Structure formats: C-alpha cells, structure tokens
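See below for the structure under consideration.
Every number in this text was worked out from the coordinates using simple rules, so none of it is lab data. Just so it is clear, the model here is predicted, and its values are computed rather than measured. Positions of Cβ are backbone-derived with ideal geometry, glycine not excepted, and every protein chain shown enters the neighbour counts.
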Amino acid sequence: MFSKAVISLVLAASALANVFVTSPVASTTFTAGQQATVTWQDDGMTPSLTSFGASLVGIYTGNANQQALLQTISASVDVSTTSSINFTPDGTIGPDSSEYFVRFTSINLKDATNSQYPAEAFSAKFT
C-alpha cells in the first residue's frame with residue numbers, strides 16, 4: 001500500500017521529469033486482454049523530450065524506494081518522436097488493484113540529481 005509520503009515522492013519525481021503522462025490518469029482502468037494506450041507530452045521543463053530520448057516503458061508497482069516491473073510495454077520508444085503506445089495489459093501481472101503505474105526510464109539520460117540513476121517519469125496510479 002502506498003503511503004501519502006510515497007505518493008508525494010512519485011508525483012514530485014513526475015513533476016521534475018519532462019515526460020508528462022496524459023494517460024493513464026488516476027481514474028483510468030485498464031482491462032486485461034483489451035487494448036490500452038499510454039500517452040504523453042512534453043511538460044515544457046528541461047530536459048527536453050529529445051534529451052530524454054529512447055526509454056523503457058513498463059507497468060510497475062511499488063513505492064519511491066523499490067519498484068517492480070510487472071509488464072514491459074516497450075523496451076525502447078523514442079519519447080521525442082512518438083507520443084503514444086498501444087499495448088494489451090497482461091492479466092497475469094496481478095490482481096485488480098489501484099497500485100499500478102507506468103514508469104518511463106530513459107536509456108541514455110541520467111537523473112539530474114544523481115547521475116548513477118537513469119532519468120525517470122511516472123504516471124498517476126491507476127487500476
């Protein structure tokens with residue numbers, strides 16, 4: 001279960017990233033076996049989407065300190081040239097829950113505050 005502090009940290013990380021996830025949002029429900037779409041846009045902050053570049057996109061669960069990849073949506077998508085990904089959620093990743101989120105992990109760009117980690121962006125938690 002996410003605590004308020006963890007939610008704040010995830011949202012803060014999202015606010016610092018330039019990938020602004022427009023879907024899924026908190027009210028989104030993805031149904032296993034049915035096509036779903038992840039969409040994003042540039043939030044106007046640095047780094048640019050071009051700098052963020054190629055990214056691993058996946059469905060995760062966890063908290064600000066430990067996150068588990070449940071399903072890879074795309075192993076490498078250039079967020080500067082694409083603004084959406086269609087995929088089919090896998091029903092075996094876990095039970096119905098509002099604890100899932102999409103994480104974008106830049107393949108080349110490092111986190112601005114800790115260069116040993118990649119730059120990341122997060123969606124809201126969804127069902």
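Rg(Cα) of the chain divided by 2.2 N^0.38 Å?
Numbers: Rg = 13.6 Å, N = 127, 2.2 N^0.38 = 13.9 Å.
The value comes to 0.98.
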Item checked: Interchain or long-range residues, amide H under 5 Å from Ser55's placed H -> Val77, Asp78, Val79, Ile107
Next item on the list: For every helix of n ≥ 4 consecutive DSSP H residues, a contribution of -39,500 (n - 2.57) applies; sum these over the chain, divide by its total residues, and give [θ] at 222 nm rounded to the nearest 500 deg cm²/dmol.
Entry: -3500 deg cm²/dmol
Checklist line | Residue-wise HN-Hα coupling along the stretch 44-59, computed from phi with Karplus coefficients 6.51, -1.76, 1.60 (Hz; x: Gly, Pro) | finding: x, 9, 7, x, 6, 4, 4, 5, 5, x, 4, 9, 7, 10, x, 8
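Note the direction-averaged projected area, equal to a quarter of the hull surface, for the Cα convex hull of the stretch 54-105, in nm². Spell out each step's value before the answer.
On the way: hull surface 15.8 nm².
Convex hull of Cα atoms, orientation-averaged projection: 4.0 nm².
How big is the dipole moment of the chain about its Cα centre under a simple scheme where the beta carbon of each Lys and Arg is +1, that of each Asp and Glu is -1, and everything else is neutral? Debye, nearest 20, please.
On the way: 4 positive and 8 negative charges, 33 e Å.
The calculation lands at about 160 debye.
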Next item on the list: Taking H placed 1.01 Å from N in the peptide plane, check which residues at least 5 places from Thr28 or on another chain put their amide H under 5 Å from its amide H.
Entry: Thr127
Notebook entry, point to check: Residue farthest toward the positive end of the dipole of the chain, with Cβ of Lys/Arg at +1 and Asp/Glu at -1: which of Phe126, Ala64, Pro24?
Noted result: Ala64
